[in-house]
Amino acid sequence: AVLRWLAPSAAAASGGAALAGVLEGAGMRGAFGSAAAAGFVALVAFPVLFAASMIARGLWHAWQPRALGLIEEGGSAPRLAGWLAYVWLAALALAWVMFQGTWLLAGATAFKPQGMAFAEPVLAVTCALVLVAISRPTARALTWLYRKLDRRIRVTPLRLLASLVIKTVIIAYLVWIWFAKRRIGSLDFSALHVPLVAVLTTALVHLVWERVAQSPRSRAIVGGVLGALAAVLIACALVALQARPALTLAIWGERPIAGLAIDKLFDLDEIRAGVSLSEFRPVEKPGAAHPDIILITIDTVRADHTPPYGGSAEMPLLRELGVRGAVFEWAFAPSNVTRRSIPSMVTGLAPNRVRGRVVGWALRIDPRHVLVAERMQAGGYDTAGFVCCAGFWGADFKTGLQRGLKHLVIEPNGTKLAKQARVWLDQREKQPNRKPLFVWMHLLEPHNWQAGSGPPANDDERRRFYNRSLTAVDTMMVEMLGAFSQRKPEDAPIVIVTADHGEALGEHGQPFHSTDLYNSQIRVPFVIAGPGIKPGKIPETVSLTDLTPTMLELAGFVPPSGQNMDGRSVADLAQGRRAATENGIAFAAMIKDRSNPGGVTAVVRGRWKIIDTGQSLELYDVHTDPNELSNIATAKPQVYNDLRGLLLQYLKVGAQSPFE
C-alpha cells in the first residue's frame, strides 16, 4: 500500500526532473555534457518535486472535496469553482491592499522600519478579517454564476485548474507590465523557465497516471521509463563530477539551475582547488626583477575630482604619486558597477566576456577564470588582500575574487582596514629572505560618500561631501604604504592606484552610478609609481582591462595573451619604453543581469568616444568635451562609422567563450 501511494509521486517527480534537466542541458557541448547538466538538475529537482507531490496529494485527500460537497455527482464542481474564484480574488485584493498600504505607511512614517513593522501586520490582519467575513456570501454568489455556466460548459476540476493557471499568468503579466516594471526596473526571469517546466511536467504526469495509465502494467511501464531516464541522467552527472571536473565547472558557469545544484550538493571551491597552480604560472622575462606590487583599488572614484587630473579633492599622497609616477590621463573602467568592473580588471577579460552569476551585489565569477593573484602566487609571489566587503570577498558568497590571496583580511571600515594592513606589513618587513609581494587593497568609502552627512542640499554640497570621502581614503593609503617608508628608493614597491568605476554627481541627470557610460561614471584615475616608472602624464587611452597584463609585466613576467586575455600590457608606457599613440582603445559595457537592464556599450579610441544607449548612438570628442554635452555624431560621419564598426567587433568578440 505504501509503495502504491509513493509510485505516482515518484513517477511524476522523475518525469519533471528529467524534462527540466533536458531543457537545462540543451546546448551544452556534446551529448554527455548535456546529459550531465540535466543530471545535476535532476539531483536537486527529484527530491523537491517528490516531496511537493506527496504534500499536494496529501492535502487533496485530507480536504476530501467530494465529502465537502464541492464536487457533485457526474464530476461537475460549481461550488468548488465558486470558492476557488473567491480565494483567487481575495488573494488579489489582499496583495493590492498591502501594496498600496505599504506606500501610504511609508509616507506616514518616513519609511521608519519600526513603525512599518507594527503597522503592516495590523493592516494585513484587518484586511484578512474583512475578506473572511464576506467569504461565504461572495462564494455562494460566485457558485450561482458557475452553476449557470455549468449548464452550457461542464465546470470540472481539471477545467478549473486550467482556468486558474491561465488567469493567474495573465493577471501577473499585466500587473508586471502596468505597475511593477516601471517602479522596480528590469528583472531577468529566464532562470524560472526550468523550474516552471519541472512543475508543469510533474502535474502532467499525474494526470496521465490517473486518466491514461489506469492498469498496473501501464503504470509500471510509465513509472519505469521515467525513473530510468532520471537515473541515467543523474549517473552522468556523478561521472562528470568524478572523472571530468572541468566539465562540471563548465556546467556551473553556463547553466544556472545545474550550477545551483552543484553549489548546494558539492564544494565548488574544492573542485576548483584540484587545478594545479602550475597551470597558471606566468612565463618569466629573462633577467627581469620581481619587485613588490601594491594594487589599491578605490570604489567609486571619478578621475576629474582627484589631484593628478586637476581635481579639487585634498589627496596629498595621490598628488605625490602622480608627480613621481605615470598618470594615465584617459583611463576607463570596464563598466559602471563593481561586480562587472573588478572581475574584468583582475582577469584581463573584457566585461562582456567575463562569465559568472550574480550573488547579492557581486558577481560569482566562473571558476574556470584565472585571477591575477593566482598568477602572481604561481609565479612565486606572496599574496595578500585587504578588502572592504564580505559580499565580494567573503566565504559565504564564494565569488572567487579571493582566489590566490593567501592572506585575506575583510573589514568594511577603511581606517581599521588600513591599520590592519599596516600591522601585517610591518611584521612582514622584519622577516629575512622575503619573497616578492603582491598586495591588493580595496577601499569602499567613496561609494558611501553621503554617510554621516545625509543627502546634499545642492550641487556644491554634493561635490564637497564626495571630495571629503576621497580625502579620507588618501589618509588610509598613507597608513598602509607607511610600512615601506624605511626602504631604499630602489627597493620601494611599485604602487598602482585606480578605481572600479566613477560616480555621477548630477551629470546627465544621474545622482550616483550604474546608470550610464558617460565619463562621470567610467573615467577613473590610473596612477603607477615606483622603481623603473617614468614620471609624466600619458595621453594614450587605456582600459582597466589592461591592468592584469600590466601588473604581470611590471612583476617581471611575460604579459599573457591569447583567447583568455583581452587586455594589453601598458607597462611599456609607464616605464617610458614606448611613446603614447593617439589610437589607444577602451571598451565598456553595462551587462544585463537580474537588476540591470544592460544593453549600453561604449568604445573610446583616442579622443573619440561612441556610446550605444540601446536607443541611439552618440559620439563625443572627450578631449574638448569631457562632460559629453555635445553629440557630434552627424558632424563626424567618418569617425562615427569607424567607431560603430569597432563597437560591433567588441560585441561580436564578447559572444565568444573565453574557455574554448
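The values are calculated or read from the model by the stated rules, or taken from the named source; none is laboratory data. Keep in mind that this is a model prediction, so the values were computed, not measured. Cβ placement follows ideal geometry from the backbone for every residue including glycine, while neighbour counts extend to all protein chains displayed. Note: areas computed on protein heavy atoms with side chains; ligands, DNA, RNA excluded. Shrake-Rupley method; radii C 1.70, N 1.55, O 1.52, S 1.80 Å.
Restricting Ser163, Ser190 to residues that are within 30 Å of Gly25 (Cα to Cα) and among the hydroxyl-bearing types (Ser, Thr, Tyr) narrows the list to Ser190.
Just for the stretch 605-626: of the residues that are at pLDDT 95 or above, assigned to a loop (DSSP other than H, G, I, E, B) and of a type outside the set (Asp, Glu), which one is farthest from Pro334 (Cα to Cα)? That would be Thr624. Residues of the stretch 294-345 that are among the acidic types (Asp, Glu) and either farther than 20 Å from Arg464 by Cβ or surrounded by fewer than 23 Cβ atoms within 10 Å (Cβ to Cβ) (or both): Asp304, Glu314, Glu320, Glu329. Out of all the residues in the stretch 635-654, is one or more more than 25 Å from Asn352 (Cα to Cα) and small (Gly, Ala, Ser)? Yes: one or more hits. Determine if the stretch 352-360 includes at least one residue that is free of Cβ contacts under 8 Å to residues at least 12 places away in the same chain, in a loop (DSSP other than H, G, I, E, B) and not charged (D, E, K, R). No.
The single residue among Ala258, Ala303 that is touching a Lys or Arg at 6+ places or on another chain (Cβ under 8 Å), under 27 Å from Ser335 (Cβ atoms) and not charged (D, E, K, R) turns out to be Ala303.
Residue pairs whose Cβ atoms lie under 7 Å apart, sitting 6 or more positions apart in sequence or on different chains, and linking a residue in the stretch 1-21 that is more than 11 Å from Ala230 (Cα to Cα) and free of Cβ contacts under 8 Å to residues at least 24 places away in the same chain to a partner that is hydrophobic (A, V, I, L, M, F, W, C) and crowded, with 24+ Cβ neighbours inside 10 Å, do not occur here. Residues in the stretch 562-587 that are open to solvent by less than 50 Å² (accessible area, probe 1.4 Å), in a loop (DSSP other than H, G, I, E, B) and either within 13 Å of Met551 (Cβ to Cβ) or of a type in the set (Lys, Arg) (or both): Met565, Gly567, Ser569, Val570. The set of residues in the stretch 246-286 that are open to solvent by 60 Å² or more (accessible area, probe 1.4 Å), closer than 23 Å to Leu405 by Cβ and of a type in the set (A, V, I, L, M) comprises Ala273, Leu277, Val283. Being part of a loop (DSSP other than H, G, I, E, B) and within 28 Å of Phe392 (Cα to Cα) is the filter here; which residues of the stretch 300-331 pass it? Those that are part of a loop (DSSP other than H, G, I, E, B) and within 28 Å of Phe392 (Cα to Cα): Thr300, Val301, Arg302, Thr306, Ala313, Met315. Filtered by the rule that a residue be touching a helix residue (DSSP H, G or I) at 6+ places or on another chain (Cβ under 6 Å), among the small types (Gly, Ala, Ser) and surrounded by fewer than 21 Cβ atoms within 10 Å (Cβ to Cβ), the stretch 203-245 gives Ala213, Gly223, Gly227.
The criterion of at least 2 residues that are touching a residue at least 40 places away in the same chain (Cβ under 8 Å) and closer than 17 Å to Leu481 by Cβ is met, among strands (runs of 3 or more DSSP E) falling completely within the stretch 362-429, by 382-387.
Here is a list of conditions, (1) farther than 18 Å from Val478 by Cβ; (2) in contact with a Pro (Cβ under 8 Å, 6 or more places away or on another chain); (3) without any contact (Cβ under 8 Å) to a residue 40 or more places away in the chain, and Pro282 meets all of them except one; can you say which number that is? Among (1) farther than 18 Å from Val478 by Cβ; (2) in contact with a Pro (Cβ under 8 Å, 6 or more places away or on another chain); (3) without any contact (Cβ under 8 Å) to a residue 40 or more places away in the chain, the lone unmet condition for Pro282 is (3).
Applying the condition of being over 25 Å from the mean Cα position of the chain (by Cα) and within 22 Å of Leu226 (Cβ to Cβ) to the stretch 27-38 and asking which residue is least open to solvent (accessible area, probe 1.4 Å) yields Ala35.
Of the candidates Ala373, Ala378, the single residue that is surrounded by fewer than 24 Cβ atoms within 10 Å (Cβ to Cβ) and of a type in the set (A, V, I, L, M) is Ala378.
I'd like the full set of residues that are more than 8 Å from the chain's Cα centre (by Cα) and open to solvent by 30 Å² or more (accessible area, probe 1.4 Å), limited to the stretch 353-369. Within the stretch 353-369, Arg355, Arg368 meet the criteria. If you go through the stretch 430-461 and keep only what is crowded, with 18+ Cβ neighbours inside 10 Å and not in a loop (DSSP other than H, G, I, E, B), you end up with Leu437, Phe438, Val439, Trp440, Met441, His442, Leu443, Glu445, Pro446, His447. If the requirement is being farther than 28 Å from Asp382 by Cα and surrounded by fewer than 21 Cβ atoms within 10 Å (Cβ to Cβ), which of these qualifies: Leu517, Leu505, Leu470? Going through Leu517, Leu505, Leu470 in turn, the sole match is Leu505.
Take the residues of the stretch 147-178 that are farther than 24 Å from His206 by Cβ and touching a residue at least 24 places away in the same chain (Cβ under 8 Å): which is nearest to the chain's Cα centre (by Cα)? Among those that are farther than 24 Å from His206 by Cβ and touching a residue at least 24 places away in the same chain (Cβ under 8 Å), it is Ile171.
The number of residues in the stretch 91-105 being buried (at least 17 other Cβ atoms within 10 Å of the Cβ) and either basic (Lys, Arg) or touching an Asp or Glu at 6+ places or on another chain (Cβ under 9 Å) (or both) comes to 2. Can you go through Pro291, Pro286, Pro334, Pro282 and tell me which one is assigned to a loop (DSSP other than H, G, I, E, B) and within 30 Å of Arg244 (Cβ to Cβ)? Matching residue, one of Pro291, Pro286, Pro334, Pro282: Pro282. What number of residues in the stretch 1-22 are open to solvent by 10 Å² or more (accessible area, probe 1.4 Å) and under 19 Å from Thr248 (Cβ atoms)? Here the count works out to 1.
For the stretch 479-530, enumerate the residues that are aliphatic (A, V, I, L, M), more than 16 Å from Val439 (Cα to Cα) and part of a loop (DSSP other than H, G, I, E, B). Listed by number, the residues that qualify are Ala504, Leu505, Leu517. Within the span defined as the stretch 628-637, one or more residues are in a loop (DSSP other than H, G, I, E, B), in contact (Cβ under 8 Å) with a residue 40 or more places away in the chain and in contact with a strand residue (DSSP E or B) (Cβ under 7 Å, 6 or more places away or on another chain).
When Leu142 is tested against (1) open to solvent by less than 40 Å² (accessible area, probe 1.4 Å); (2) at pLDDT 85 or above; (3) more than 28 Å from Trp178 (Cβ to Cβ), only condition (3) is not met.
A residue that is in contact (Cβ under 8 Å) with a residue 60 or more places away in the chain and of a type in the set (Asp, Glu) occurs nowhere in the stretch 450-473.
Could you say whether any residue in the stretch 554-561 is closer than 26 Å to Glu374 by Cβ, open to solvent by 50 Å² or more (accessible area, probe 1.4 Å) and part of a loop (DSSP other than H, G, I, E, B)? Yes, the stretch 554-561 has at least one match. Look at (1) assigned to a helix (DSSP H, G or I); (2) open to solvent by 30 Å² or more (accessible area, probe 1.4 Å) and you find that Ala67 fails only one, number (1).
If the condition is being part of a helix (DSSP H, G or I) and open to solvent by less than 30 Å² (accessible area, probe 1.4 Å), then the stretch 70-90 contributes Pro78, Leu80, Ala81, Gly82, Ala85, Tyr86, Ala90.
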